[in-house]
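Presented below is the structure to which this report refers.
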Amino acid sequence: MKLSSWLNDTGTRACDFAKAIGTTEATVSRLRHGRAQPSLDLAWRISDATGGAVTANDFMVRKSDAKLSAVETQGSNGGGDFDGKSVLLIMGGGIAAYKALDLIRRIKERGGRIRVILTEAAQEFVTPISVSALAQEKAYTDLFDLKDEAEIGHIRLAREADIIVVAPATASLMAKMAAGLADDLATATLLAADAPILLAPAMNPHMWAHAATRRNADRLMGDGVSLIGPNVGEMAESGEWGLGRMAEVPEIVAAVSTHLGGIGDGLLTGLHVLVTSGPTHEPLDPVRYVANRSSGRQGHAIAAAAHRLGARVTLVSGPTNEPDPPGVDTQHVETADQMMAAVEGALPADIAVCAAAVADWKSRAPELEKMKKQSGQETLTLTLERNPDILAALSQDPTRRPRLVIGFAAETESVVEHATRKRQAKGCDWIIANDVSSQTGIMGGSANTVHVITAAGAEAWPSMAKTQVADKLMRLAGRHMSNLAQAAE
């Protein structure tokens, strides 16, 4: 059934359907009228939302219609193309392997060459034939295939790649990598690699949380391997939900772009961008602290996006599990005072983005020893004092103020109203406001829904991956800086 027929028959409004599948009303309109094709991931969501009435096959077009543009899962990937770059994709076994098929298509669309190795387990979910058809390359499966080894071999597969992406990266595959095993084509190739390696973990939340998996992830990151995700979300198993879902394809593409040397259009070339990210931990005693909840994912994505667009980037990060973005000068701090000092030391900057969730309060006199509960004690009184206001300090600096200062406002109600007042009180140029109520899933998640508050008013952006928010924001900042430069001429 065509999407237009289903919408008409059910009386579903385009705006309501767009919300149900996590895209924009404009995208639904283009799909409805046959002016675009959905990505594989979006097609799956459409099928789920329509109860299987509309499937990916219903969007198939003739070769003469191949000029139709493909609709991204949640907006633009950002960045330039992958012309002249070679990507080696290693597919582990898991239901998330279907996303890897979409990843192949996305990389091909951006001009990259992609070769694929399938583990034995991966072949239980996708076939070498389907992979070959998408990649337009032979799919490799067997370390002991004499013909393949004679013609190319696992050493050449490793050496000819500009980057190796493992998606999905299963717990088993990560364990083998951490142990340095090389008992199949995938692990032998990884052990022979000198190119950057990017893992997209995908597994049950209990498997991801297991001490062995965490230990393996730490070992791999210590060896220089980068991770994208996992994300929080619904699992393939009925009723399972949590941290372990493979990163979305646009997020992986953005991470590949970062590792390939900041492919972009140079919009921020010659500019210094200063970004703060993550929480701060304000000690109460040696084992306890005051903090705001923050994963640092959005701030780190902004730093990576600015680097991709050609900027020199300084990232001041509080305690977070996010890996340092490649090519970015990352300074790690714990407290608000340390973050303030690092920010001041990084000036001058052209653009400052204060995405960190800085604790508003700190202990006036942190205890030197752990505070003990006393017998019969039912309450505890703490004396707190204000932390430095980094956003206000940057915005109101009379001599070293960046030309564009951007703050963030995490709100739980009256989002636009509170953020508007915050922009005026702090003196910054823009505020990026979002609703972090527990039901939104934004806190610690991979997606974000923001309002951009400026002197001209508020602009609502649709929900999209945090990497996409970062890219769109930095492009907006780049155009703003270009306008300022032209006005000064």
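Net charge near ALA349: determine it from the other residues with C-beta under 10 Å of the C-beta of ALA349, scoring Lys and Arg +1 and Asp and Glu -1. Summing Lys/Arg as +1 and Asp/Glu as -1 gives +3. Taken one residue at a time, the phi angles of segment 277-289 give Karplus couplings (6.51, -1.76, 1.60, θ = phi - 60°) of 8, x, x, 10, 10, 9, x, 9, 7, x, 10, 10, 8 Hz. Gly and Pro are set to x. Each peptide in 96-108, 454-466, 379-391, 292-304 receives the mean, over its residues, of other Cβ atoms within 10 Å, and ordering these scores from highest gives 292-304, 96-108, 454-466, 379-391. Between segment 372-437 and segment 187-219, the alpha-carbon centres lie 36 Å apart.
None of the figures in this text is laboratory data; all of them are computed from the coordinates on show. Note that the structure is a prediction, hence the values are computed from the model and not measured. Using ideal geometry, Cβ is built from the backbone for each residue, glycine included, and neighbour counts are taken over all protein chains shown.
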